[in-house]
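Derivation of every value follows stated rules applied to the coordinates shown; laboratory data play no part. Please read all numbers here as calculations on a predicted model, not as lab measurements. Methodologically, a virtual Cβ is constructed for each residue, glycine included, from the backbone with ideal geometry; neighbour enumeration extends over all protein chains shown.
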Amino acid sequence: MKNLIGINDFSIEELKELVKVGCDISSNPSKYMDEMKGRVMATLFFEPSTRTKFSFESAMLRLGGRLISLSEVKNSSVSKGESLKDTVRTVGCYSDIVVMRHPNEGAPRLAIETLDVPLINAGDGGHEHPTQTLTDLLTIYSEMGRLDDLNIALVGDLKYGRTVHSLVEAMSKFNNNTFFFVSPKELELPEYIQNSLKGGCFFNERSLEKVLPKVDVVYMTRIQRERFDDMNTYERLKDVYILDEEKMKLAREDAIILHPLPRVNEITEGVDKDPRAKYFKQVKNGMYIRMALIMKLIREVDEIVEDKEYPVIYSSCPNPKCITNHQYVERVAFEQRSIKNRNYACRYCGKIVSF
Ligand code: CP
């Protein structure tokens, strides 16, 4: 069963396919309105969210599915001391897919240890936020027409900004992308991520003004107040990069400005009317790509379940060494192994045969 915990859970082919389906949904949303009819999605948010939670919920409703939702920890048995694993496992008994945001890094990996339905990581602490990355990929592709050969500036809190971690990992899988990591020394992209990049080249920079004229994509981020141990450091760094109308004059005419949102001070409202500002389009794309993701993960489970539950057929096993050809067995059962071709496996020896 497939989960989405980190962006590396998906191959480049899967990422491209999701972007393709996301594009189709955004052009023909009504085509998909019954795709998840009768299905239930659970959203478990142990941390605040506006976009991720509502976009997932809207995505499932637009696919014809339904929701159960936890947004206040105090309203669940977590407040009585129930473990994360037990909570998620329980919620999985009532739903076909679980979406979880949690303040602790790695929480989704623990949660899937006992979960029987797919889990989507909607953000785990300062670690990963893979569905924001899917959103960003769809936006970059629909605005630029490609995911290769791009100069990309990532600006602000690159240490704690989980959206940047996942986006950089994803974009490094495509060809010939160049990254400019613009941050103060204290908030540089963690070394383990810099070392794990699959391709492209990157530069650590301090000056936004210097980088703006060079790039196709400007990805602004918020300084993540809630992740700082020392508030004095936060106060010193919080307004380090502010993109305003004056600085926009330095950006290329065909550049796009993205931001995962929420913003605090890092993009002034004056920039919103600039045609290069795409962050509210990005918000809408988040819903379309999450529709594509929900369909993908639930359909993949359907394939496995159909395999398991497909009615068995009865015959004799062609494997001469099979126990059924040496001992009396009333009926030799074959189970379908693949719904794509007509392969069956003997329940006893596992011999694959075609009927
Ligand atoms: N981009 C994003 O994750 O926003 P929320 O925190 O509002 O979900």
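For this structure, a couple of remarks:
- In nm, spacing of pseudo-spin labels at Arg331 and Lys273 (7 Å Cα→C-beta vector): 7.5
- If R0 is taken as 45 Å, the Cβ-Cβ distance between Glu186 and Asn343 corresponds to a FRET efficiency of 0.20.
- Potential lengthening of the chain between Leu70 and Asn195 amounts to 41.3 nm, from the contour at 0.36 nm per residue minus the alpha-carbon distance.
- Note on the chain: the C-alpha convex hull projects to 22.0 nm² when averaged across all orientations.
- For the chain, calculated [θ]222 nm from helices alone, where every DSSP H run of n ≥ 4 adds -39500 (n - 2.57): -10000 deg cm²/dmol
- Over 30 Å between alpha carbons, listed pairs Lys16/Lys278; Lys249/Lys284; Lys185/Lys296; Lys2/Lys351: Lys185/Lys296
- In this structure, Ile12 and Arg252 have a Cβ-Cβ separation that, at R0 = 22 Å, corresponds to a calculated FRET efficiency of about 0.25.
- The C-alpha atoms of the chain define a longest principal axis, and helix 12-27 lies at about 80 degrees to it.
- Thr114 versus Glu245: modelled label distance in nm, points set 7 Å from Cα along the beta carbon direction: 5.7
- Cβ charges +1 (Lys, Arg) and -1 (Asp, Glu), total dipole of region 100-206, debye: 100
- Nearest-ten-degree value, helix 130-144 long axis tilted from longest Cα axis of the chain: 70
- Potential extension, Val301-Ile352 segment - 0.36 nm per residue separation minus Cα distance: 16.2 nm
- Prolate/oblate/rounded label for region 236-288 (Cα gyration tensor, a/c 1.5): oblate
- Mean Cα-pair separation over length for the chain, i.e. relative contact order, pairs under 8 Å, 6 or more apart, %: 16
- Packing around the peptides 194-204, 110-120, 94-104, 3-13, taken as the average count of other Cβ atoms within 10 Å per residue, puts them in this order, highest first: 94-104, 110-120, 3-13, 194-204.
- Gap separating the Cα centres of region 137-201 and region 96-114, nearest whole Å: 24
- Cα-based helix-to-principal-axis angle, 279-309 vs the chain, degrees rounded to 10: 10
- Shape category assigned to region 1-160 from the gyration tensor of Cα positions, a/c cut at 1.5: oblate
- One chain, two ends: Phe54 and Asn319. Fully extended at 0.36 nm per residue, the span grows by 90.0 nm beyond their Cα-Cα distance.
- In terms of packing, defined here as the mean over residues of other Cβ atoms within 10 angstrom, the peptides 173-183, 132-142 line up highest first as 132-142, 173-183.
- Gyration tensor (alpha-carbon) shape descriptor, region 75-117, a/c threshold 1.5: oblate
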